[in-house]
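Enquirer: Okay, here's the structure, questions in a sec.
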Amino acid sequence: QDRRKFSPSVFGSYKILADKDLVLRAFYKDIFRLPTFTDLYYHDFGYKALKPENTEQYDLGLTYNEYHGDFIDELQVSVDAYYNRITDKITVVYGMPYSTVRNIGIVEIKGCDFTLLASKKLNKNAALTLNMSYTYQLAQNFDNNPDTYGDIIPYTPVHSGSASLNYDYKKWSTGCNVVFAGKRYSGQNANPSNILDPYADLGWFLKSTFGKINVTGEVLNLLN
């Protein structure tokens with residue numbers, strides 16, 4: 001079916017300090033998402049009666065940027081608090097032996113994102129860069145079903161994030177990165193057997209440039 005919907009967005013920002021790059025920002029988004037061809041037909045068992053997903057998103061955030069500071073050459077920090085209300089959320093329902101896709105009537109997401117980037121030049125040839133991100137996201141099902149009301153959406157961890165530390169020297173770069181996700185569920189929270197353990201993936205990489213050729217080597221999951 002053809003679908004049409006008016007989906008407005010409103011953005012605003014305010015610079016708090018005249019001599020510092022400290023900005024307060026806020027936005028509202030009305031997001032409209034149609035099910036994909038794969039959602040409708042190709043998730044083991046598709047579901048042709050899927051409804052479009054509608055989201056109202058509210059966000060309030062703060063950003064700070066500093067360049068050529070006394071100790072750090074570049075610093076970028078941002079923090080955002082947000083609230084999403086989703087109707088007819090399109091989600092994959094995993095099962096044995098087959099999976100399918102369904103709509104969840106009402107989903108509410110309360111969350112907070114934090115990001116940090118800091119870099120320091122050690123000399124004219126070398127530099128260190130730190131990247132970090134953290135997300136707190138409580139995504140709950142508030143559909144009119146007493147068995148799942150208030151449950152966390154499957155496969156959605158409350159805590160997740162990543163970090164990387166890079167060392168650059170001339171044309172060479174090396175570093176480590178880690179990705180983590182906290183406890184999450186593969187189905188209804190009422191069943192303890194659906195709990196999935198937290199995990200972290202630590203990796204190391206080395207890369208260089210030879211003319212127009214970039215070469216990268218990477219070791220994943222160092223600590224199993």
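Enquirer: Would you rank Phe6, Phe11 by solvent-accessible area, highest first, keeping every protein chain in place and using a 1.4 Å probe?
Expert: Phe6, Phe11
Enquirer: Gain in length, Phe6 to Arg25, computed as 0.36 nm per residue apart minus the alpha-carbon separation, to one decimal in nm?
Expert: Stretched fully, the Phe6-Arg25 segment lengthens by 4.5 nm.
Enquirer: Further question: Contact order normalised by length for the range 11-55, with contacts defined as Cα pairs under 8 Å and 6 or more residues apart; what percent is it?
Expert: The normalised contact order for the range 11-55 reaches 31 percent.
Enquirer: Could you list, in their original order, any pairs among Lys20/Lys110; Lys5/Lys89; Lys89/Lys183; Lys15/Lys121 whose Cα atoms are separated by more than 18 Å?
Expert: Those over the limit are Lys20/Lys110; Lys89/Lys183; Lys15/Lys121.
Enquirer: With the crude spin-label approximation of a point 7 Å out along Cα→Cβ, what separation in nm comes out for Ala18 versus Lys48?
Expert: 6.6
Enquirer: If I model a spin label at Tyr134 and His159 as a point 7 Å from the Cα along the Cα→Cβ vector, what separation in nanometres do I get?
Expert: Distance between the two pseudo-spin positions: 0.9 nm.
Enquirer: Would you work out which of Asn123, Gln137, Asn65 lies farthest towards the positive end of the dipole of the chain, given +1 charges on the beta-carbon of Lys and Arg and -1 on that of Asp and Glu, about the Cα centre?
Expert: So the residue furthest toward the plus end is Asn123.
Enquirer: Can you check what the net charge comes to around Asn84, using other residues whose Cβ is under 14 Å from the Cβ of Asn84 (Lys, Arg +1; Asp, Glu -1)?
Expert: Cβ neighbours under 14 Å give a net charge of -3.
Enquirer: What nm distance separates the two modelled labels at Trp204 and Val93, each placed 7 Å from Cα along Cα→Cβ?
Expert: My value for the distance between the label points is 4.6 nm.
Enquirer: Subtract the Cα-Cα distance of Ser186 and Glu74 from 0.36 nm times their separation in residues, and report this length gain in nm to one decimal.
Expert: 36.3 nm
Enquirer: For Leu34 and Val179, calculate 0.36 nm times their separation in residues minus their Cα-Cα distance, and state this gained length in nm to one decimal.
Expert: Between Leu34 and Val179, full extension yields 49.2 nm more.
Enquirer: What percentage of all Cα-Cα pairs in the chain are separated by more than 34 Å?
Expert: The proportion of pairs with Cα distances above 34 Å equals 35 percent.
Enquirer: To continue, here is another question. Give me the percent relative contact order of the range 1-155, please, defined on Cα pairs under 8 angstrom at least 6 residues apart.
Expert: Relative contact order of the range 1-155: 16 percent.
Enquirer: Give the accessible surface of the chain per residue, rounded to a whole number of Å², with probe radius 1.4 Å and ligands, DNA and RNA excluded.
Expert: For the chain, the per-residue accessible area is 65 Å².
Enquirer: While we're looking at this one, here's another question. How high is the FRET efficiency from Leu60 to Asp147, r the C-beta distance, R0 41 Å, rounded to 0.05?
Expert: Once rounded, the FRET efficiency stands at 0.75.
Enquirer: At most 16 other Cβ atoms within 10 Å and a DSSP loop assignment: could you name the trypsin sites (Lys or Arg not before Pro) in the range 120-224 that fit?
Expert: Lys124, Lys170, Lys171, Lys183, Lys212
Enquirer: Limiting things to C-alpha atoms, what are the Rg and the maximum Cα-Cα separation (Dmax) for the range 1-61, in angstroms?
Expert: Reported Rg and Dmax, both Å: 18.5, 58.
Enquirer: Report the local net charge at Tyr169: Lys and Arg +1, Asp and Glu -1, summed over other residues whose C-beta lies under 13 Å from its C-beta.
Expert: That works out to +4.
Enquirer: Cβ under 12 Å from Ser133's Cβ, Ser133 left aside: what net charge do those residues give with Lys, Arg +1 and Asp, Glu -1?
Expert: -2
Enquirer: Here's a follow-up. Please work out the Cα center distance from the range 95-118 to the range 148-172, rounded to the nearest Å.
Expert: Centre-to-centre distance over Cα atoms comes out at 14 Å.
The values are calculated or read from the model by the stated rules, or taken from the named source; none is laboratory data. Quick caveat: nothing in here was measured; it's all calculated off a predicted structure. Because the Cβ atoms are built from the backbone with ideal geometry, glycine has one as well, and the counts that use them run over all protein chains shown. Just the protein is used for accessible areas: all its heavy atoms, side chains included, with ligands, DNA and RNA removed. Shrake-Rupley method; radii C 1.70, N 1.55, O 1.52, S 1.80 Å.
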